[in-house]
Amino acid sequence: MNMSPHHAVAPRYLIVTADDFGLHESVNDAVEQASRAGVLTTASLMVSAPAAADAIRRAQRLPNLRVGLHLVLADGRSTLPPGRIPALAGRDGFMDERLVKRGIEIFVNPAARRQVAAEIRAQLEAFRRSGLCLDHVNAHKHFHLHPTVLSILLSLAHEFGIRAIRVPHEPAWFARTHGKRRAALSSASLAPLTAAMKYRIRSAGLFHNDHVFGIANSGAMDEDAMLGVLARLQPGVTEIYLHPASQSESVISPSMPAYRHSDELAALLSLRVRTAVRTTGIKLGGYGDVLQDLAGSAAVYSGQ
């Protein structure tokens, strides 16, 4: 079977993910609520975040929740001691948000690349110690768009059982509608990079989504946004990612002062959203569920 996405006559698969699982107990509470009563299928775990242990305990009692690794290389705590990764983390172990500076340094500085590789390995090892089944991998701030970060993940895939990696390819119509001109231009500029990601992931024998929604409207994926995506869902594998929490704004993180976490939780619990999923024949699940469904199908999935 071709492990790259798409049936010749492709059904519509939908993966609904909560990122930042483990960042705060109110995030974990929202994930638990939405897993039990809503359309949430997966969560992406920050293994070294303040509430990671609480997130793992909750996930272990949520049989329908698929959990992946939310790799953190910026705007978060490191897993390794900061003295081992000075190119990544300050003395307090915090990795700042200077993505462009860090991205350039990874390209030009072999020591920085070795430190990134060590931190990625440490986070995968921490996830493995959780005892949870690894459904997928993605990265905070989509930093796995960086070709070197992706290369490291692909090199570790067999060792750690990575089967699926999120590609942050958001359709231009959504970027224009929700993010206006700036987001649409950003989406267009990233298209060659996301196309290359898809090719590299498929070439490594791994799986990826076709589209994602949540970039242009990050922190504001409310009921209307969710319903808009569901009304235009295309064949193939679509992921919608959100940042739900039972509390909002900077109490979760100083980097999210305008995020509407509680509105995103309300969208996941919305009866209108659940009805739209149920009545339109969408196959709902995690990455592992999609892979299992495809493995049982005689159709060939050719990819986008």
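The values are calculated or read from the model by the stated rules, or taken from the named source; none is laboratory data. Because the structure is a prediction, the values reported are computed rather than measured. With ideal geometry, Cβ positions are generated from the backbone for all residues, glycine too; neighbour counts draw on all protein chains shown.
Quick look at the numbers
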quantity: Residues located in region 285-302, provided they are of a type in the set (Phe, Trp, Tyr) and at pLDDT below 90; calculated: Tyr301
quantity: In region 109-125, the residues that are modelled with pLDDT under 95 and touching a Leu at 6+ places or on another chain (Cβ under 9 Å); calculated: Ala112
quantity: In region 255-293, the residues that are of a type in the set (A, V, I, L, M, F, W, C) and touching a helix residue (DSSP H, G or I) at 6+ places or on another chain (Cβ under 8 Å); calculated: Met256, Ala258, Leu265, Ala266, Ala267, Leu268, Leu269, Val273, Ala276, Val277, Ile282, Leu284
quantity: Qualifying residue in region 142-150 (condition: of a type outside the set (S, T, N, Q), over 20 Å from Lys198 (Cα atoms), surrounded by fewer than 16 Cβ atoms within 10 Å (Cβ to Cβ) and in contact (Cβ under 8 Å) with a residue 12 or more places away in the chain); calculated: no
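Let's see how each residue does on (1) modelled with pLDDT of 90 or more; (2) on the phi < 0 side of the Ramachandran plot:
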site	(1), (2)
Phe107	no, yes
Phe127	yes, yes
Lys141	yes, no
His158	yes, yes
Val167	yes, yes
